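Scroll down for the structure; my scribbles are underneath it.
Nothing in this text is a laboratory measurement; each read-out follows from the coordinates by a stated rule. As the structure is a computational prediction, the values presented were derived from the model and not from experiment. No Cβ is skipped: glycine too gets one built from the backbone with ideal geometry, and neighbour counts run over all protein chains shown.
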Amino acid sequence: MRKYLPFVSISILILTFVILEFYLVGNTNVPSMSGDYVLISGVVLSILSAILSKKGPFKRALLITYGCLIGGYLIIVIAFMVGLSDF
């Protein structure tokens, strides 16, 4: 069962973005924070299933990819904070 968790991780991440695209985008009756909750829960479930998967190249590739995505997000946030501050 643990050998299929990398594929579950990828499918959870893809399903999260599909839910965001079809359900939340353009729908004005949805509260603003629900998109954040869907995205955070999908990413956390995806990372947990990658961590719990069996050792191998898929686990390593997924964790490197998720690390790069999180690191890139943090770099963009810091760049916006520095760009908006008054020097």
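Worth a mention:
- Taking amide hydrogens as placed 1.01 Å from N in the peptide plane, the amide H of Ser53 sits under 5 Å from that of no residue at least 5 positions away in sequence or on another chain.
- Sparse-neighbour loop sites [trypsin sites (Lys or Arg not before Pro); segment 37-84; at most 14 other C-beta within 10 Å; DSSP]: Lys54, Lys55
- The chain, Cα convex hull volume normalised per residue, Å³: 108 Å³
- If you run the Gaussian network model on the chain, springs between alpha carbon atoms under 10 Å, then out of Ile64, Ile75, Ile40 the most flexible one is Ile75.
- Karplus-derived HN-Hα couplings along segment 45-62 (A = 6.51, B = -1.76, C = 1.60, θ = phi - 60°), whole Hz, x at Gly and Pro: 5, 5, 5, 4, 5, 6, 5, 7, 6, 6, 4, x, x, 5, 5, 5, 5, 5
- Virtual spin-label span in nm between Ile78 and Ile51, 7 Å along Cα→Cβ: 2.2 nm
- Candidates Ser46, Ser32, Ser11, ranked by Gaussian network fluctuation over the chain, Cα under 10 Å, top entry: Ser32
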